[in-house]
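*Asks:* First the structure, which I've put down as structure tokens, then a few questions once you've had a look.
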Amino acid sequence: MSTEDIVLYDTEEQAKVLSATKIETFDLVPPDHPALYKVLPEFDFAKPPVDPNTFASTLVETCRKQNGIGLSANQCGFEYRVFVMGAGEEYVAHFNPKIISSSGEKHMEEGCLSFPFLNLHITRPETVEVEYQDFTGEKRTKTFNGISARCFLHELDHMNGIVYTSRVKPLALQYGLKRLDKIRRKYFNPKKMNQLTQRT
């Protein structure tokens, strides 16, 4: 991600505003929430339903809190066509995202904050040229490769009511759910948690 995309969140003025106010975060909705399965309408900058800058900043803070690299508005229950992606201090909000072109193909493991610990192998384009609006409504274009392209496509799917579990074959999903069940039983079993607590 280029500095020109990031500087909008990293100005001295914005830093003063954030330091003067308590930073809020959103709660994530459960994986069966209706908002996750809806095609989201275009975000109207002429009559915005929320302040785009404040909303994007809160999405960023929520994504950071969840240790994610991408988060869509509908994962927090809001039906706005916007997601954020990035890492560390370098997150960018993408309003009304679109794919201009794509090339290549890559099959690799993918996760989602709405489905904790469920990793699935998904095939997606390796490179994408995209268009989106920043929080001021200005149109921007960008080319993403590798994990950044995958993240953009994953979050764009959320904008269209598509969750990544629908992008794998039924047997692959069953296998992934079985692995998830093993992880839950191993690390989140109440009896084992009590045993660990008693040892320390």
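*Asks:* Got a sec to turn the phi values of region 91-99 into Karplus ³J(HN,Hα) couplings, 6.51 cos²θ - 1.76 cosθ + 1.60 with θ = phi - 60°, whole Hz, x for Gly and Pro?
*Replies:* With coefficients 6.51, -1.76 and 1.60, one gets 10, 10, 8, 10, 8, 6, x, 9, 9 Hz.
*Asks:* What full-extension length gain, to one decimal in nm, is calculated for Lys139 and Asn119 as 0.36 nm per residue of separation minus the Cα-Cα distance?
*Replies:* Once the chain is fully extended between Lys139 and Asn119, it gains 3.9 nm.
*Asks:* Quick one: 3J(HN,Hα) in Hz for region 59-64, Karplus 6.51/-1.76/1.60 with θ = phi - 60°, rounded, Gly and Pro as x.
*Replies:* The phi angles translate into 4, 4, 5, 5, 4, 4 Hz.
*Asks:* Each residue of region 164-175 in turn: what ³J(HN,Hα) in whole Hz from Karplus with 6.51, -1.76, 1.60 and θ = phi - 60°, glycine and Pro shown as x?
*Replies:* Calculated HN-Hα couplings, in order: 5, 5, 7, 9, 10, 6, x, 5, 5, 5, 4, 5 Hz.
*Asks:* Follow-up question, since we're still on this one. What residues of region 70-86 lie in the reach of a label at Ser166, counting those whose backbone N is under 11 Å from a point 7 Å from the Cα along Cα→Cβ?
*Replies:* none
*Asks:* 5 Å is the cut-off here: which amide hydrogens, built 1.01 Å from N in the peptide plane, fall below it relative to Ser102, excluding neighbours closer than 5 in sequence?
*Replies:* Result for Ser102 returns Glu129.
*Asks:* Provide the gained length on full extension for the span Lys182 to Asp32, in nm with one decimal, where the gain is 0.36 nm per separating residue minus the Cα-Cα distance.
*Replies:* Full-extension gain reported as 51.9 nm.
*Asks:* May I ask for the equivalent-ellipsoid semi-axes of region 105-182, computed as the square root of five times each C-alpha gyration tensor eigenvalue and listed largest first in whole Å?
*Replies:* 27, 14, 10
*Asks:* Sequence-distant or interchain residues sharing an amide H contact under 5 Å with Cys112, placed H: which?
*Replies:* For Cys112, whose amide H was placed from the backbone, the distant partners under 5 Å are Phe117, Leu118.
*Asks:* Right, another one. Of Lys38/Lys182; Lys38/Lys169; Lys65/Lys98, which pairs sit farther than 24 Å apart, going by alpha carbon to alpha carbon?
*Replies:* Violating the 24 Å Cα-Cα cut-off are Lys38/Lys182; Lys65/Lys98.
*Asks:* Could you give log10 I(q)/I(0) at q = 0.14, 0.16 Å⁻¹ for region 3-168, computed by the Debye formula over C-alpha point scatterers of equal weight, without solvent?
*Replies:* Log10 of I(q)/I(0), two decimals: -0.69, -0.92.
Rule-based calculations on the coordinates, nothing more; no lab input. These numbers come from a predicted model, not from an experiment. Positions of Cβ are backbone-derived with ideal geometry, glycine not excepted, and every protein chain shown enters the neighbour counts.
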